[in-house]
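The values are calculated or read from the model by the stated rules, or taken from the named source; none is laboratory data. A quick note: this is a predicted structure, and the numbers were derived from the prediction, not measured. Here the Cβ positions follow ideal geometry from the backbone for every residue, glycine too, while neighbour counts run over all protein chains shown.
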Amino acid sequence: MSDTLQVGIAQRVRQQPLAAFGLVLLVIFITCALFAPWLAPYDPAQLNLTSRLMSPSPAHWFGTDALGRDILSRTIYGARISLIVSVSVVGLSLAIGLVAGGIAGFYGGWIDTVMNIYVTNAFMSLPGILLAIAFVAFMGPGLGNVILALAISGWVGYARLVRAQVMAVKEREFVEAARALGASDLRIMCRHVLPNILQPLIVQGAIGMAGAVLAEATLSFLGLGVPPPAASWGSMLNDARAHLFDAPHLVFFPAVAVMLTVLSFNFIGDALRDLMDPRTRLTAGL
């Protein structure tokens, strides 16, 4: 049994090498986020002006910034903020989109018209990042405000996906059978419709986490993210602008961290899409 499982895992890794690479990267970042106090060699907020702008060395593997803070420690702690934001934003956006899109798709009529024509189009007419910037600028920087701002600007995509999936599923025979047996609308939605629309939502959520990481880095780069001295990859890039040529390592390491995190979520999202799409599975022989 274990040999069969090992063969199956090895075959899946050979068929999806990028997904395996993305999963390894994600496990590394999750480990950094969970065990940051034990993995970081220094306090990420500790100032040491006598060691400012040091190049990578055995004492400071990633070097130090303009205030003498250890970049490796700040990069490790930055994973915690990025992953908290990505999971929270996708979870909150998905919850809002599930309720709004589910109601619009299930009941249709004027509810669908108001939600799909007016509300979602109004949100989609504004670039999401600009809406998030305006919200955070009004409410003030902070982790909670960043999560709320990105969720407000990102729920529309999930709502439209849920609406389309619900409209397709609610006309199927097993839903009609449940309705004929007297099942309530809530029971039909929770027991019959929702389980059949989870696959595209999972894929969209995985890819949405990559966008949330980029959006959080953008807000922090603009000074609208988590306030200092908290370590954030975007704020680290903002601090490194003045030393782009004399200390390029200040830019390199947080930029690589952002890039690898986004790549890991995108690779995993693509693999989940291929795994959950029956046509793709048949083509690939999975």
Please go through the range 15-39 and give me each residue that is outside any helix (DSSP H, G or I) and at pLDDT below 90, ordered by number. Q16
In the set D239, D246, the lone residue that is in a helix (DSSP H, G or I), more than 30 Å from Q204 (Cα to Cα), of a type outside the set (A, V, I, L, M) and touching a residue at least 24 places away in the same chain (Cβ under 8 Å) is D239
Please identify the pairs in which a residue from the range 211-224 that is β-branched (V, I, T) has its Cβ atom under 6 Å from the Cβ atom of a residue that is surrounded by 24 or more Cβ atoms within 10 Å (Cβ to Cβ), counting only partners at least 6 apart or on another chain. V213/S82; V213/S86; V213/T261
Pick from R12, R52: which is surrounded by 14 or more Cβ atoms within 10 Å (Cβ to Cβ), basic (K, R) and modelled with pLDDT of 80 or more? R52
Of (1) in a helix (DSSP H, G or I); (2) within 26 Å of A257 (Cα to Cα), V226 satisfies all except one. Which? (1)
R191 being within 30 Å of F221 (Cβ to Cβ), of a type in the set (D, E, K, R) and within 28 Å of the chain's Cα centre (by Cα): no
Looking for whichever is in contact with an Asp or Glu (Cβ under 7 Å, 6 or more places away or on another chain) and closer than 30 Å to D65 by Cβ here; the options are G142, G234, G223, G211. Which one fits? G234
Single match in V262, V213, V256, V251 (criterion: part of a helix (DSSP H, G or I), at pLDDT 85 or above and within 18 Å of L148 (Cβ to Cβ)): V213
Within the range 97-183, which helices (runs of 4 or more DSSP H) (wholly inside it) include 2 or more residues that are under 18 Å from the mean Cα position of the chain (by Cα), of a type outside the set (S, T, Y) and surrounded by 17 or more Cβ atoms within 10 Å (Cβ to Cβ)? 128-139, 143-169
Residues in the range 225-248 that are of a type outside the set (D, E, K, R), surrounded by fewer than 19 Cβ atoms within 10 Å (Cβ to Cβ) and at pLDDT below 85: how many? 8
Is there any pair with a first residue in the range 109-132 that is under 24 Å from A212 (Cα atoms) and of a type in the set (A, V, I, L, M) and a second that is in a loop (DSSP other than H, G, I, E, B) and modelled with pLDDT of 80 or more whose Cβ atoms are under 9 Å apart and which are 6 or more apart or on different chains, and what are they? A132/L224
